[in-house]
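The values are calculated or read from the model by the stated rules, or taken from the named source; none is laboratory data. Treat the numbers as computed from the prediction; the structure is a model and nothing was measured. Note that each Cβ is placed from the backbone with ideal geometry, even for glycine, and that neighbours are counted across all protein chains shown. To get the accessible areas, we keep the full protein, side chains included, count just its heavy atoms, and leave off ligands, DNA and RNA. Shrake-Rupley method; radii C 1.70, N 1.55, O 1.52, S 1.80 Å.
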Amino acid sequence: MVIDDINDSEAIVKEYFDSGFVHIKTDPKNINPDVLKQIGKYFGKLLVTGKHHIPGDRYIQLISEDALFGSGDVPWHNDFSYSPGDYHGSLLAFVEADTPTYTEFTDCNEAYIQLSEEDKKYIEDVECTFGIPGKYDGLISDTQVKVIQKVVMKRPMAMTHPVTHQKSIYFSPETLMETNKPIDKERYVKHCESIAFKHHWDTGSMILWDNRRMLHRRKPFTGHRKLLRVNFQYEFKEHDYTVH
Ligand SMILES: [Fe+2]
């Protein structure tokens, strides 16, 4: 389902928690910092970044060939797996590109449902430790590196969602450092990948995804490509969301 009303917070939040992924197609003039922050705040608190933000606005990260992540391969991962900051969701908005471009996603809630009972039982007590691969050195600020290095981030592979209470496979292959018992990582990557889909970017497009549920990746590209990103933390303290 594509949502075209940026002010329909109820529909956006519902689609987000029901499917883990929202595509908003809007007037290109709405791809601006104020609207991105407005939508991020439907979920809670916005991340303030120390690096790679647009001039004068530390909530809006710039993603382009010469900014965050450059133009290289960014394999399957969950954003902020390694961070104690718990930024649960991401919003990414397309500004421009000189060649067709896409980002790939896969729903690890659905992938969990499709696991055999044996696999579900096996991963129930798997604990994953996450870190930042060395190749990303320099992408985050020195302060953030210090915070992350102080905390060894461990998370359960059978991840229970903090709002919907549904389970997903959570293992962020790119940032997974070790597990407390052996897993065949490549087998789980293939399993999750089998239901992957591509989001092809076009003008006026923005997407939101749930980092407790969706894996995403991006292939290397050449030329110019510019997107804006906002990360948010859930603040659903008074009630739980019921999956429809
Ligand atoms: Fe990412």
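If I113 passes every condition in (1) under 18 Å from S19 (Cα atoms); (2) within 16 Å of the ligand (Cβ to nearest atom) but one, which one does it miss?
Of everything listed in (1) under 18 Å from S19 (Cα atoms); (2) within 16 Å of the ligand (Cβ to nearest atom), I113 misses just condition (2).
Of the residues that make up region 177-186, is at least one modelled with pLDDT of 95 or more, within 19 Å of the chain's Cα centre (by Cα) and either surrounded by 16 or more Cβ atoms within 10 Å (Cβ to Cβ) or in a loop (DSSP other than H, G, I, E, B) (or both)?
no
I'm checking my understanding of the structure. Among residues of region 37-57 that are of a type in the set (A, V, I, L, M, F, W, C) and touching a residue at least 12 places away in the same chain (Cβ under 8 Å), which one is nearest to the ligand (Cβ to nearest atom)?
Going residue by residue through region 37-57, those that are of a type in the set (A, V, I, L, M, F, W, C) are 39, 43, 46-48, 54.
With touching a residue at least 12 places away in the same chain (Cβ under 8 Å) added as a condition, the list becomes 39, 43, 46-47, 54.
Details: I39: 18, F43: 17, L46: 16, L47: 13, I54: 18 Å.
Residue satisfying both the conditions and the ranking: L47.
Can you work out which of the residues in region 34-57 that are open to solvent by less than 40 Å² (accessible area, probe 1.4 Å) and assigned to a strand (DSSP E or B) is nearest to Y16 (Cα to Cα)?
Filtering region 34-57 for residues that are open to solvent by less than 40 Å² (accessible area, probe 1.4 Å) and assigned to a strand (DSSP E or B), the one nearest to Y16 (Cα to Cα) comes out as G44.
Identify the residue in region 58-107 that is modelled with pLDDT under 90 and away from the ligand (no atom under 15 Å from the Cβ) and, among all such residues, is most open to solvent (accessible area, probe 1.4 Å).
D66
Of (1) of a type outside the set (F, W, Y); (2) in a strand (DSSP E or B); (3) over 17 Å from I207 (Cβ atoms), H23 satisfies all except one. Which?
(3)
Based on what the data block shows, is I31 buried (at least 20 other Cβ atoms within 10 Å of the Cβ), over 27 Å from C192 (Cβ atoms) and either among the aromatic types (F, W, Y) or at pLDDT 95 or above (or both)?
On the way: buried (at least 20 other Cβ atoms within 10 Å of the Cβ): yes; over 27 Å from C192 (Cβ atoms): yes; either among the aromatic types (F, W, Y) or at pLDDT 95 or above (or both): yes.
Answer is yes for this residue.
Give the number of residues within region 196-211 that are in a loop (DSSP other than H, G, I, E, B), farther than 11 Å from F105 by Cα and not aromatic (F, W, Y). Walk me through it before giving the result.
Restricting attention to region 196-211, the residues satisfying the condition of being in a loop (DSSP other than H, G, I, E, B) are 196, 201-204, 211.
Add one more test, that the residue is farther than 11 Å from F105 by Cα, and what stays is 201-204.
After this cut, where a residue has to be not aromatic (F, W, Y) as well, the list is 202-204.
Matching residues across region 196-211 total 3.
Can you pull out every residue in region 118-153 that is modelled with pLDDT of 95 or more and not β-branched (V, I, T)?
E118, D119, K120, K121, Y122, E124, D125, E127, C128 - these are the residues of region 118-153 that are modelled with pLDDT of 95 or more and not β-branched (V, I, T).
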